[in-house]
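Student: One structure, pasted below without further comment.
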Amino acid sequence: MKRLLQSDFMQDFFNSPSAMISFLALFSVIFVALFAPWLVDQNPFDPLQLDLMDSQLPPVWMADGDSRYVLGTDEQGRGVLAALFYGARLSLLVGLASVALSLVLGVGVGLIAGYFRGWADQLITRLADLQLTIPGLLVALMLAGVIKTQLPVEMAETVMIYVVILAIGLSDWPKYARVTRAAVMIESQEDYVLAARAMGASPWLILRRHVLPNIMRSNIVIATVGLGVAIMLEATLSFLGAGVPTTTPSLGTLIRSGANFLFAGEWWVVVFPGCMLILTVFSINILGDWLRDALNPKLD
Amino acid sequence: MSHKFVARLVQSVVVLLATGLVAFAIFSLAPDPVDNLAGEYATIEDRAALRATLGYDRPFIVQYGEYIIKFVQGDLGKSLRTNELVADLIAERAPATLELVFVSTVITLGLGVWLGIFTGVNRRSKRTQLILSTSLLGVSIPTFLMGLLGIYYFSVQFGWLPASGRKVVETSLWDSSLISLDGWRSIIMPALTLSLFNVGLFIRLVRADVLEIRTMDYIKFARARGFSEQRINHHHVLPNAVMPVITVAALNIGVMIAFSLITEAVFQWPGMGLMFLQAIGFSDFPIMSAYFFLVATIFVVLNLLADTLLSIVDPRLRRGES
């Protein structure tokens, strides 16, 4: 712990106010997401706790505001504050899961392509090209549209969240694969890898113990930026009605339902989740920028 | 050049055939037309005969080939919902999307290149810091949210611009919203919304280029010869910085066509993206597959064009490795 605190990395961190502020902001978002059930009384995902009589209340400081709902309610009687905390939960969950998926997939095939070369490399590079041809947004929308018609309604609603994770995760792996492949091709010519190979270490051991730790820096930077993009993509899909179902609203779903009432001047169902979304993604992007400078990997 | 180009062309065709397979799979999800045509009292033999006359008994690969050939000829099937030709529907909607993407691209290139060069040349100025933080904030705001906030402030609160829809003037070629004041008022907010994300991207791209170029020897020599900073920027930095922008801008048109569906949904802009979203709502598979294949084709063609264009303007790419 002491070593970590005195490392260049942490020194860099404490010297950068923007990195510290955005870390605090992100930490608060994660905190309210994790402890949502203890922070708010209402569970917005439980229909029994919603009261239609309380629908469309403005925030507490406006006329007709209700002290139980600090940031007002949506048209279902969901407290916006409660929905915000629970929605952040879903957004972070989907974001993290899809980034983990593309990270594992991309680094995995990148290692194989860069180390073994040959036909595996050819195949993986072509697949990456193919994947980059189709925007993830389109793939997710198509999948959502197809699944909706091919599965019964309840089942479609429960699998939707996994479909969103899969679609976002699959759309981003080529980035990791490319960087990993290029890095592995350089690293495998280094003396330490040649030495390990001469000692008779298996390719699996060499990749895992020697190559992988040396190529993670670039991947961590890509993953940070990727997390912001994944959270935005999830919100977009949910806003378009192809994401998480309305019974368990994420930030995007909430904004979708709020958008219908925007013309009536009911801004709070759009603006608060919107600010939460921007705060989250903005802090992740600032941290990503700072990480890129701090870790200084050779990104192309 | 020719050898590399042919290899690249073959690769593009393979990619297209693979996406075509996905499109065909979606196209085939439509309910079996034999059920409808044969009627309730058809025997199994009748159905098989009908199936054979319609060509549904042929191997998968033949049917897939036919789908691709028809697509190339412009026959995209009929909408399941309205029974209109999908090709006609797309032709009707395309101008709205293309005009939106065009105006957005002009905004993106103009603002992106200008601010990118400014922040690259004046590295340490206060304004550079401000522009860079704003652009980072810009790429952190999802497009749909920006559109909604725009509608709330500029339409609901101030009432300056229409909140949705497209105002057009009919011409002999297509209905355009670029030749009347009302048209411009209707396109400006969607176009700004669509370009927002890209402006941030372009500023960073151009800035990185400018910073790299300014460390080059030929800039040092130009400075040593006593050229003014302005002349160096205009004659030496700018032409070299614009190069990579060409590729990204070309590729970006494809991305913008695809992502314009978000903006079209927010502003109810009657383009291809909105048509695609509505088709998803009605499970109109022929429209879904046609749009998907069309966007993928645009992507691949632009990619190929950008690569070819770059190897023409940059001799280094023609000979050696990229």
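Student: Take every Cα-Cα pair in the stretch A:172-266 and report what % of them are more than 22 Å apart. If you can, show how the numbers build up before the last one.
Tutor: On the way: 2399 of 4465 pairs.
Within the stretch A:172-266, distances greater than 22 Å cover 54 percent of Cα pairs.
Student: Quickly estimate the mean residue ellipticity at 222 nm for the protein assembly as shown, helices only: each DSSP H run with n ≥ 4 gives -39500 (n - 2.57), and the total goes over all residues, rounded to 500. Kindly include the intermediate steps, with their values, before the conclusion.
Tutor: Working: 26 runs with 444 residues, N = 622.
Helix contribution divided over all residues of the protein assembly as shown: -24000 deg cm²/dmol.
Student: Against the globular-protein guess of 2.2 N^0.38 Å, express the Cα radius of gyration of chain A as a ratio, rounded to two decimals. Present the calculation step by step, with values, prior to reporting the outcome.
Tutor: Values: Rg = 22.5 Å, N = 300, 2.2 N^0.38 = 19.2 Å.
It is 1.17.
Student: Need one value for B:277-288: mean number of C-beta atoms belonging to other chains within 10 Å of its residues' C-beta atoms. Walk me through the numbers before you get to the answer.
Tutor: Values: counts 5, 0, 1, 10, 4, 2, 5, 1, 4, 0, 0, 5.
Shielding by partners across B:277-288 averages 3.
Student: Further, regarding this structure: With only alpha-carbon atoms counted, please give the Rg and Dmax of the protein assembly as shown, in Å.
Tutor: Just the Cα atoms of the protein assembly as shown yield Rg and Dmax of 26.5, 92 Å.
Student: Per residue of B:299-309, how many C-beta atoms from partner chains lie within 10 Å of its own C-beta, taken as a mean?
Tutor: For peptide B:299-309, the averaged partner shielding equals 1.
Student: Summarise the partner chain shielding of A:282-293 as one whole number: the mean count of Cβ atoms from other chains within 10 Å of each residue's Cβ. Numbers along the way, then the final one.
Tutor: Working: counts 7, 1, 1, 5, 4, 0, 1, 3, 0, 0, 0, 0.
Neighbouring Cβ atoms belonging to other protein chains average 2 per residue here.
Student: Still on this structure: By a straight-distance test (C-alpha under 13 Å), which aspartates and glutamates pair with A:Lys175 as possible cross-link partners, with residues fewer than eight away in the same chain excluded?
Tutor: Within the straight-line limit of under 13 Å, A:Lys175 reaches these aspartates and glutamates: A:Asp129, A:Asp300.
Student: At a temperature of 25 °C and a viscosity of 0.890 mPa s, determine how fast the stretch B:210-307 diffuses translationally according to Stokes-Einstein, using the Kirkwood radius over alpha-carbon pairs as Rh; express D in µm²/s, rounded to the nearest whole number. Don't skip to the answer; put the middle values down first.
Tutor: Working: Rh = 16.6 Å.
The diffusion coefficient I find is 148 µm²/s.
Student: Can you run phi through the Karplus equation (6.51, -1.76, 1.60; θ = phi - 60°) for the stretch B:152-163 and list ³J(HN,Hα) in whole Hz, with x for Gly and Pro?
Tutor: Result, rounded to whole Hz: 4, 7, 7, 9, 6, 6, 8, x, 7, 10, x, 7.
Student: May I ask you to list, by number, the DSSP H helices of chain A whose Cα span along the axis is at least 18 Å and whose average Kyte-Doolittle hydropathy reaches -1.0 or more? Kindly include the intermediate steps, with their values, before the conclusion.
Tutor: On the way: long enough: A:17-34 (25 Å, 2.25); A:80-116 (52 Å, 1.95); A:118-133 (23 Å, 0.13); A:136-150 (21 Å, 1.65); A:153-187 (50 Å, 0.88); A:212-239 (39 Å, 1.34); A:268-295 (39 Å, 1.44).
For chain A, where a helix must reach 18 Å along its axis and average at least -1.0, the hits are A:17-34, A:80-116, A:118-133, A:136-150, A:153-187, A:212-239, A:268-295.
Student: Expressed as a whole percent, how much of the Cα-Cα distance distribution for the stretch A:218-300 exceeds 16 Å? List each step's numbers first, then the result.
Tutor: On the way: 1956 of 3403 pairs.
Counting pairs separated by more than 16 Å, the tail of P(r) holds 57 percent.
Student: Okay, next question. In this model, which of B:Lys4/B:Lys70; A:Lys148/B:Lys4; B:Lys4/B:Lys220; B:Lys126/B:Lys167 are farther than 32 Å apart at the alpha-carbon? Can you show the working numbers first?
Tutor: Values: B:Lys4/B:Lys70 29 Å; A:Lys148/B:Lys4 44 Å; B:Lys4/B:Lys220 35 Å; B:Lys126/B:Lys167 41 Å.
Where the Cα-Cα span goes over 32 Å, the pairs concerned are A:Lys148/B:Lys4; B:Lys4/B:Lys220; B:Lys126/B:Lys167.
Student: So who's got an amide H within less than 5 Å of the one on B:Lys167, skipping anything under 5 residues away but keeping other chains? H placed 1.01 Å off N, in plane.
Tutor: Amide H neighbours of B:Lys167: B:Ser186.
Student: Consider all pairwise Cα distances in the stretch B:1-152 and report the whole-number % of them above 28 Å. Please list the in-between numbers first.
Tutor: On the way: 6399 of 11476 pairs.
Roughly 56 percent, once rounded to a whole number.
Student: Which order do the peptides A:26-38, A:170-182 take when ranked by the mean count of other beta-carbon atoms within 10 Å per residue, highest first? Display every interim value, and only then the final one.
Tutor: Working: A:26-38: 15.4, A:170-182: 23.2.
Sorting A:26-38, A:170-182 by mean packing, highest first, produces A:170-182, A:26-38.
Student: Which whole-number percent is the relative contact order of chain B (Cα, under 8 Å, 6+ apart)?
Tutor: Values: 345 pairs, mean separation 86.2, N = 322.
27 percent.
Student: Could you name the aspartates and glutamates whose alpha carbon sits less than 18 Å from that of B:Lys78, not counting residues in the same chain fewer than 8 places away?
Tutor: B:Asp32, B:Asp35, B:Glu66, B:Asp88, B:Glu92, B:Asp284
Student: Summing Lys, Arg as +1 and Asp, Glu as -1, what charge do residues with Cβ under 10 Å from the Cβ of A:Leu254 carry, A:Leu254 excluded?
Tutor: Values: positive: A:Arg78, A:Arg256; negative: A:Asp74.
Taking every Cβ under 10 Å from that of A:Leu254, the sum is +1.
Student: Could you state the principal axis extents of the C-alpha atoms in chain B, from the largest down, to the nearest angstrom?
Tutor: 91, 59, 38
Student: Evaluate the relative contact order of the stretch B:41-198 (contact order divided by residue number), counting alpha-carbon pairs under 8 angstrom at least 6 apart; express in whole percent.
Tutor: For the stretch B:41-198, the relative contact order is 21 percent.
Student: I need the shape label for the stretch A:84-213. Rule: rounded when a/c is under 1.5, else prolate if a/b > b/c, else oblate, with a, b, c from the alpha carbon gyration tensor. Walk me through the numbers before you get to the answer.
Tutor: Values: a/c = 3.11, a/b = 2.17, b/c = 1.43.
Judged from the Cα gyration tensor, the stretch A:84-213 comes out prolate (a/c at least 1.5, a/b above b/c).
Student: While we're on this one: Check B:Lys78: other-chain or 5+ apart residues with amide H under 5 Å from its amide H, H built from backbone geometry?
Tutor: Amide H to amide H, under 5 Å and 5 or more residues apart or across chains, B:Lys78 pairs with B:Val86.
Student: So, with +1 on the Cβ of K and R and -1 on the Cβ of D and E, and no other charges, what is the size of the charge dipole of the stretch B:49-103 about its Cα centre, to the nearest 20 debye? Each step should come with its number before you reach the end.
Tutor: Values: 6 positive and 7 negative charges, 48 e Å.
Computed about the Cα centre, the dipole is about 240 debye.
Student: Next question. Just to compare against my own numbers: the Cα pair-distance distribution for the stretch B:227-284, 5 Å bins, whole % per bin, please.
Tutor: Taking all Cα pairs of the stretch B:227-284, the binned fractions are 4, 16, 15, 12, 10, 9, 8, 8, 8, 5, 3, 2, 0 percent.
Student: Just to check I understand the Karplus step: with θ = phi - 60° and J = 6.51 cos²θ - 1.76 cosθ + 1.60, what whole-Hz values come out for the stretch B:119-132, glycine and proline as x?
Tutor: 6, x, 7, 9, 4, 9, 6, 4, 5, 4, 4, 5, 4, 5
Student: Tell me, Kirkwood radius of the stretch B:132-211 from alpha-carbon pair distances, in Å? All intermediate terms of the calculation are to be shown ahead of the outcome.
Tutor: Working: mean 1/r = 0.0701 Å⁻¹.
It is 14.3 Å.
Student: How big, on average over all directions, is the shadow cast by the Cα convex hull of the stretch B:153-264, in nm²?
Tutor: Values: hull surface 40.9 nm².
Taking a quarter of the hull surface, the average projection is 10.2 nm².
Student: For the stretch B:85-142, give the magnitude of the charge dipole about the Cα centre (Cβ charges: +1 Lys/Arg, -1 Asp/Glu; no others), in debye to the nearest 20.
Tutor: On the way: 5 positive and 3 negative charges, 138 e Å.
Here the stretch B:85-142 has a charge dipole of around 660 debye.
Throughout, read-outs are computed from the coordinates displayed, never taken from laboratory work. The structure presented is a predicted model; accordingly, all values stated were derived computationally and were not measured. Virtual Cβ from ideal backbone geometry, glycine too; neighbours counted across all protein chains shown.
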